[in-house]
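The structure under discussion appears below in the form of structure tokens.
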Amino acid sequence: MTETSFRHRALLPLMVLAYIALLLAGALSGTALPFRLAVPAMLVAVALSLPMRRMPVAMAWCMCAVLVLWLDWRGHAHAILDTVPVLINAGLCFVFARTLRADREPLVTRVVRLTEGPERLESEGIARYTRQVTWYWAILLGVQVLLLCACWTMLASARPEMRIWARIYLHVGGYLLPGVAMLTEYLFRRWYFRHLPQPGPVAFLRQLVTCWPQIVRGARDTLPSS
């Protein structure tokens with residue numbers, strides 16, 4: 001990957017942080033402007049994560065972007081944005097869970113193989129651990145989806161102060177919890193396999209960004225038959 005391509009992909013987490021900040025400002029202030037600014041931030045963040053060079057994906061994304069902007073123009077920005085964290089967490093849960101089938105390589109196993117090399121999986125306990133971590137993510141994200149759905153329903157029925165906290169968790173906790181879970185698992189892995197050499201956090205994130213397209217493509221593949 002070129003340095004320009006890496007920097008392009010690195011813009012995604014910055015746009016996500018801007019998106020979360022705007023949503024939090026809107027929830028706390030009760031004004032619509034931050035939510036309206038969050039819509040284009042969301043569109044840019046998703047665009048940066050899609051393989052836009054593929055014509056079907058690009059066309060589908062353009063149609064979705066036009067629909068989102070039209071709904072926002074009609075005054076439905078809140079409704080659009082309130083569904084985003086639910087859909088993102090549900091999608092991630094599905095991606096992790098589907099790789100736990102017997103004919104697929106667990107997603108975390110594939111991440112380790114692509115970022116650290118296939119020889120890493122030959123170390124004692126690594127292959128079993130990566131499968132267990134894939135289960136960990138599937139279950140965690142499944143519970144997270146249930147919590148987010150509960151917050152989403154509270155927006156229509158709870159008291160005004162409860163709606164504020166429900167929206168904060170929906171748009172901040174919806175992304176913060178997976179981030180904290182990722183950091184916790186990383187620190188545990190560093191301690192549990194402290195007898196093995198491991199990449200530092202910056203090197204790990206760089207490798208993850210570099211290999212992300214292969215990781216996503218591989219999550220759809222079945223293991224070759226023996």
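The values are calculated or read from the model by the stated rules, or taken from the named source; none is laboratory data. Worth saying up front: this structure is predicted, and the values here are computed from it rather than measured. Reconstructed Cβ throughout: ideal geometry from the backbone, glycine too, with neighbour counts over all protein chains shown. Ligands, DNA and RNA are stripped out before the accessible areas are found, and what is left, the full protein with its side chains, is counted by its heavy atoms. Shrake-Rupley method; radii C 1.70, N 1.55, O 1.52, S 1.80 Å.
Can you confirm whether residue 71 is closer than 30 Å to residue 156 by Cα and either at pLDDT below 85 or surrounded by fewer than 14 Cβ atoms within 10 Å (Cβ to Cβ) (or both)?
Values: closer than 30 Å to residue 156 by Cα: yes; either at pLDDT below 85 or surrounded by fewer than 14 Cβ atoms within 10 Å (Cβ to Cβ) (or both): yes.
It is true that residue 71 is closer than 30 Å to residue 156 by Cα and either at pLDDT below 85 or surrounded by fewer than 14 Cβ atoms within 10 Å (Cβ to Cβ) (or both).
Please go through region 198-213 and pick out each residue that is more than 13 Å from residue 112 (Cα to Cα) and over 21 Å from the mean Cα position of the chain (by Cα).
200 - this is the single residue of region 198-213 that is more than 13 Å from residue 112 (Cα to Cα) and over 21 Å from the mean Cα position of the chain (by Cα).
Go through (1) part of a helix (DSSP H, G or I); (2) basic (Lys, Arg); (3) open to solvent by 40 Å² or more (accessible area, probe 1.4 Å) one by one and return the number of the condition residue 101 breaks.
Failing condition for residue 101: (1).
From the set of residues in region 185-209 that are in a helix (DSSP H, G or I), open to solvent by 80 Å² or more (accessible area, probe 1.4 Å) and free of Cβ contacts under 8 Å to residues at least 24 places away in the same chain, which is farthest from residue 130 (Cα to Cα)? Give the steps one after another, and end with the answer.
Start the filter on region 185-209 by keeping residues that are in a helix (DSSP H, G or I), which leaves 185-192, 201-209.
If we keep only those that are open to solvent by 80 Å² or more (accessible area, probe 1.4 Å) too, we end up with 187-188, 190-192, 202, 205-206.
Pick out the ones that are also free of Cβ contacts under 8 Å to residues at least 24 places away in the same chain and you get 187-188, 190-191, 202, 205.
Values: 187: 14, 188: 13, 190: 13, 191: 15, 202: 20, 205: 17 Å.
Per the stated criteria, the residue is 202.
How many residues are under 28 Å from residue 104 (Cα atoms) and in contact with a helix residue (DSSP H, G or I) (Cβ under 7 Å, 6 or more places away or on another chain) when one looks only at region 137-166?
Filtering region 137-166 down to residues under 28 Å from residue 104 (Cα atoms) leaves 137-146.
Subset that is in contact with a helix residue (DSSP H, G or I) (Cβ under 7 Å, 6 or more places away or on another chain): 137-138, 140-142, 144-145.
Going through region 137-166 one residue at a time, the tally reaches 7.
Filter region 105-162 down to residues that are acidic (Asp, Glu) and open to solvent by 40 Å² or more (accessible area, probe 1.4 Å) and give me whichever is modelled with the lowest pLDDT.
We begin by selecting, within region 105-162, every residue acidic (Asp, Glu); these are 105, 116, 119, 122, 124, 161.
Checking which are open to solvent by 40 Å² or more (accessible area, probe 1.4 Å) leaves us with 116, 119, 122, 124, 161.
Working: 116: 82, 119: 86, 122: 84, 124: 84, 161: 77.
Only one residue fits best here, namely 161.
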